[in-house]
1. Looking at (1) farther than 30 Å from VAL403 by Cβ; (2) open to solvent by less than 40 Å² (accessible area, probe 1.4 Å); (3) more than 16 Å from the ligand (Cβ to nearest atom), which one does GLY250 not meet, given that it meets all the others?
2. Residues being in a loop (DSSP other than H, G, I, E, B), surrounded by 21 or more Cβ atoms within 10 Å (Cβ to Cβ) and of a type in the set (A, V, I, L, M): count how many of those fall in the range 425-461.
3. Take the range 82-114 and flag every residue that is open to solvent by 50 Å² or more (accessible area, probe 1.4 Å) and touching a strand residue (DSSP E or B) at 6+ places or on another chain (Cβ under 7 Å).
4. How many residues does the range 398-423 contain that are within 13 Å of the ligand (Cβ to nearest atom), small (Gly, Ala, Ser) and either within 18 Å of TRP468 (Cβ to Cβ) or open to solvent by 40 Å² or more (accessible area, probe 1.4 Å) (or both)?
5. So which of THR304, THR244 ends up being over 15 Å from TRP394 (Cα atoms), modelled with pLDDT under 95 and either outside any loop (DSSP other than H, G, I, E, B) or touching a helix residue (DSSP H, G or I) at 6+ places or on another chain (Cβ under 9 Å) (or both)?
6. Looking at the range 560-571, which of its residues are closer than 20 Å to LEU588 by Cα and more than 33 Å from the chain's Cα centre (by Cα)?
7. List, please: which pairs have Cβ atoms under 7 Å, are six or more places apart or on different chains, and start with a residue in the range 138-153 that is more than 15 Å from VAL287 (Cα to Cα) and of a type in the set (Asp, Glu) and end with one that is in a loop (DSSP other than H, G, I, E, B) and at pLDDT 95 or above?
8. Consider the range 237-252. How many of its residues are within 15 Å of PHE143 (Cα to Cα) and among the polar types (S, T, N, Q)?
Amino acid sequence: MNTYASFYQRSIHERDAFWAEQAELIDWQVKPTQICDYSKPPFAHWFVDGTTNLCHNAVDRHVKDRADQAALIYVSTETGQEVTYSFAQLHDEVQRMAAILQSLGVKQGDRVLIYLPMIAEAAFAMLACVRIGAIHSVVFGGFASHSLATRIDDATPVLVISADAGSRGGKVVPYKPLLDEAITLSQHKPKAVLMVDRGLTPFTSVPGRDHDYAGLREQHMNAQVPCVWLDAAHPSYTLYTSGTTGKPKGVQRDTAGYTVALAASMQHIFEGQAGQVYFSTSDIGWVVGHSYIIYGPLIAGMATLMYEGLPTRPHGGVWWELVEKYKVTHMFSAPTAVRVLKKQDPALLSKYDISSLKALYLAGEPLDEPTAQWIAEGLGKPIIDNYWQTETGWPILTVANGVQTMASKFGSPGVPMYGFNVKLLDDNSGEELTGAQEKGVVVIEGPLPPGCLQTLWGDDERFVKTYWQSVPGKLVYSTFDWGVRDEDGYFYILGRTDDVINVAGHRLGTREIEESISSHPNVAEVAVVGVADALKGQAAMAFVVAKDASALVDSAARLKLEGEIMKLVDSQLGAVARPSRVLFLSLLPKTRSGKLLRRAIQAVCENRDPGDLTTIDDPTPLHQIKEQLA
Ligand code: PRX
């Protein structure tokens, strides 16, 4: 019976047989005989006794059959650079980079922090790390020194790879000063820094610590650095993401499970073939960049298009122009990007020959119906929503499955993907909700399928406590998303149950932003809340009680303090985390027992009924918010 339902059921009920088949999609040095060890839940150990290498599967194995085919197409509309690397050339560059890493003392198991803009060297660096068993940790370029320092202290890298600058909308964005400041702030001091000098802005080098990439590359032109065969569970990378507390979580991924999971997703979800071209518009600093700019497409032998620039520059049709030029077959983006394009001339959607394109995949935030409809009609291509998380590494819910065509329903990313035993639980009783239209917390029964997080870097206890013990008495993985399921088994995602917000598809922790704002000398108390935003999905708004109210005497004084607070967040966390507005209140709305009424603040900002306020200590601040917004 060739239905998706039977395919899915098999992945759950004949788990090991199912994943043993998927394991055939990749190359092994030693094939696993044991598929899954779940004897110590919630720690899942996939492909237990297998050994493999992620870089081998992404690069080396393709050199034999398609050395001259495109592997990495690099396009920067910021610098005008446009280079295509074949698999053979990528293989050479990755080996050069690997040799440089080794010359700087990087060994198997060492961490390498990558703080780079969207340049080809970032891809070389990631692949070179996993080639030699070094664990990379890419930090998004939009994060500033404080965020970077926290991650340096948690990952304790021996080496940081960075560049003089990025570029955004034609404006140079220096990276090096932020990195230097981060290393001053951090307790841990990396021994070496490898600098890619793009010639965008001058920078100062720290003698003995900083090394020039171009110079070292010259020395290693003929480098041959073989892939190191790694145990299945050897960490491939960590990627920091936000949670409820201010301290970012280092999501840790294994080697074999991740390689198999991506290979399987390329086959079943994306139906990608070697020789096709995948264009994901994300950034390597996010999980989509890891899975679907770098590893997934390359594992499948596809070319991946890596793009530095805005979707609207030099013109609003630049993405479609690239689809035409490079015959892109698969595109992956976020709803926010589509909403940005929606402000452009719709004629741009049909100006280029995009006949090569099979589908546009969207993820990272809720896809609203008008946006989905606009882009579906404009492109005349299937638009495929998919729901997942940094933690899972690949889609949990979607309709694309390679087995059976399933209709999309607006507002729903789709049904559970093979391997994910998704359930809804009542948040009070912890009981499973099986009826249609019942709202609950979206959870996944263990073991999580291959490719998901193994643990949190250096903190097994936090991994268990955070994700697996949020429902009393039940060991299930919580996504921290609310959801409902309809009569046909389609899920609808209704937003986070925790203090994580989603701004333009970027996941941010309100607690982190609050901590940053609290460090301003005139801030007594602060709450940061995600508020609905027509373009970005959500915007972060800050509500501040000032220590010295004289700073708030008139609107000029308030604007000045608001500006200072925004600047502070920019410099500590980065512009991605900057609140869209800062409102000043005489006190924060709390219950009589002192609990902040976040949902009431959010409701007032979104012009909704704040609901039951019988426990509120003093409603004045809610009136103040209303007045200031009016
Ligand atoms: O709240 C969900 C939302 O984004 C969160 C995960 O964000 P991140 O770790 O950055 O991973 C993004 C990977 C694509 C989820 O907990 N989210 C993600 N995709 C969707 C979504 N919400 C609604 N619809 C989606 N398709």
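1. Result: GLY250 fails condition (3) only.
2. The total comes to 2.
3. So in the range 82-114, the residues open to solvent by 50 Å² or more (accessible area, probe 1.4 Å) come out as 82, 84, 89, 92, 102-103, 107-108.
GLU82, THR84, listed by residue number.
4. Residues in the range 398-423 being within 13 Å of the ligand (Cβ to nearest atom), small (Gly, Ala, Ser) and either within 18 Å of TRP468 (Cβ to Cβ) or open to solvent by 40 Å² or more (accessible area, probe 1.4 Å) (or both): 2 in total.
5. The unique qualifying residue is THR244.
6. Result: no residue meets the conditions.
7. ASP153/SER186; ASP153/GLN187; ASP153/HIS188
8. Of the residues in that region, 2 qualify.
The values are calculated or read from the model by the stated rules, or taken from the named source; none is laboratory data. Keep in mind that this is a model prediction, so the values were computed, not measured. Note that we place each Cβ from the backbone using ideal geometry, even for glycine, and neighbour counts take in every protein chain shown. Keep in mind that these areas ignore ligands, DNA and RNA; they rest on the heavy atoms of the full protein, side chains included. Shrake-Rupley method; radii C 1.70, N 1.55, O 1.52, S 1.80 Å.
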